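Reading through the structure tokens given below for one structure.
The values are calculated or read from the model by the stated rules, or taken from the named source; none is laboratory data. Given the structure is predicted, the values throughout are model-derived calculations rather than measurements. Neighbour counts run over all protein chains shown; Cβ positions are idealised from the backbone, glycine included. To get the accessible areas, we keep the full protein, side chains included, count just its heavy atoms, and leave off ligands, DNA and RNA. Shrake-Rupley method; radii C 1.70, N 1.55, O 1.52, S 1.80 Å.
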Amino acid sequence: DVKVTQSSRYLVKRTGEKVFLECVQDMDHENMFWYRQDPGLGLRLIYFSYDVKMKEKGDIPEGYSVSREKKERFSLILESASTNQTSMYLCASSLWASTNEKLFFGSGTQLSVL
Amino acid sequence: GDSVTQMEGPVTLSEEAFLTINCTYTATGYPSLFWYVQYPGEGLQLLLKATKADDKGSNKGFEATYRKETTSFHLEKGSVQVSDSAVYFCALSDEGYGGSQGNLIFGKGTKLSVKP
């Protein structure tokens, strides 16, 4: 079975800290995504990557950066965490860049910034 | 731009009741449509999809029909179970990023609670 693993289920950080959220997929998928999920707002795309070392901004990239040095790993970086970045972060991957392709999601990381 | 609107929750039903969760979309092209489900404490997983007009997606007793004329993709189930309690997200594909990239645009989610 396809597996997308996020390194932490819960994370508590302080304002101004640099935060790394890690995501690993074991399916040799081309595409990887980072979303944040907030009550009443649904899922919003932060960044995605369709190849190693490639990245594209999503709808809300401000305050975030990403890294994809290896195909299986996609990291989300909060350069200087702020309280408005408290959220559930979901990583996803898909095999191809196709409108029909389904996404496989990790279980999420609940980040609290104090 | 493209968007998805789904009915707000929460929705509370008794076991064996009929379920409808409404979803309408706005898109300039011919998107694929999806329903994803998120069980408590888990990530999202694909429930069903439809890739062209009049297609019906189905899985685990859930169904949704791609209606181009009404731009809708309503989710239905004839008899819900307690285990169906979850958050349901309607989504459409988006070719806006890089041409062929199939990014998804999600609705805000509808929380369903089924009581025994």
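Which whole-number percentage describes the relative contact order of chain B, with Cα contacts under 8 Å and a sequence gap of 6 or more? Before the final figure, lay out the partial values.
Details: 298 pairs, mean separation 41.1, N = 116.
That works out to 35 percent.
Determine the total buried accessible area between chain B and chain A, counting protein heavy atoms only with a 1.4 Å probe; round to the nearest 100 Å².
Numbers: alone 6370 and 6400 Å², together 10870 Å².
Using a 1.4 Å probe, the pair buries roughly 1900 Å².
Write down the accessible area per residue of segment A:10-102 in Å², having rolled a 1.4 Å probe over the full set of protein chains.
On a per-residue basis, segment A:10-102 sits at 48 Å².
List the residues whose amide H sits under 5 Å from the amide H of B:G43, counting only those 5 or more places along or on another chain, with H placed 1.01 Å from N in the peptide plane.
A:S107
If you take the alpha carbon radius of gyration of the protein assembly as shown and divide it by 2.2 N^0.38 Å, what ratio comes out, to two decimals? Spell out each step's value before the answer.
Numbers: Rg = 17.5 Å, N = 230, 2.2 N^0.38 = 17.4 Å.
With N residues counted in the protein assembly as shown, Rg over 2.2 N^0.38 Å equals 1.01.
Going through segment A:59-93, which GluC sites (Glu not before Pro) have at most 14 other Cβ atoms within 10 Å and a DSSP loop state?
On the way: sites: A:E62, A:E69, A:E72, A:E79; in loops: A:E62, A:E72, A:E79.
Listed in order of number, the matching sites are A:E62, A:E79.
Filter the trypsin sites (Lys or Arg not before Pro) in segment B:38-71 to those in DSSP coil with at most 16 other Cβ atoms within 10 Å of their Cβ, and list the result. Spell out each step's value before the answer.
Details: sites: B:K49, B:K52, B:K56, B:K60, B:R67, B:K68; in loops: B:K52, B:K60, B:K68.
Passing sites in segment B:38-71 are B:K52, B:K60, B:K68.
Work out Dmax and Rg for segment A:1-78 from the C-alpha atoms and quote the Rg first, both in angstrom.
Just the Cα atoms of segment A:1-78 yield Rg and Dmax of 12.7, 38 Å.
Using a Cα distance threshold of under 19 Å, what count of lysine pairs results for chain A when pairs must be 8 or more residues apart or interchain?
Taking the Cα cut-off of 19 Å, the pair count is 10.
If segment B:14-100 were replaced by its equivalent ellipsoid, with semi-axes equal to the square roots of 5 times the Cα gyration tensor eigenvalues, what would those be, largest first, whole Å? Display every interim value, and only then the final one.
Numbers: eigenvalues 119, 48, 18 Å².
Each semi-axis is √(5λ); the values are 24, 16, 9 Å.
Can you give me the % of accessible surface on segment B:1-92 that is carbon or sulfur? Probe 1.4 Å, all protein chains present, nothing else counted.
Numbers: 2010 of 4360 Å².
Heavy-atom surface of segment B:1-92 belonging to carbon and sulfur, 1.4 Å probe: 46 percent.
Once you compute Rg and the Kirkwood Rh from C-alpha atoms, what is the Rg to Rh ratio for segment A:63-114?
Numbers: Rg = 13.2 Å, Rh = 12.8 Å.
A ratio of 1.03.
Can you pull out the trypsin sites (Lys or Arg not before Pro) in segment A:11-40 that DSSP calls coil and that have at most 12 other Cβ atoms within 10 Å? Numbers along the way, then the final one.
On the way: sites: A:K13, A:R14, A:K18, A:R36; in loops: A:R14, A:K18.
The qualifying sites are A:R14, A:K18.
Lys pairs in segment B:5-116, Cα-Cα under 18 Å, at least 8 apart or on separate chains: how many?
Pairs that pass both the separation and distance tests number 11.
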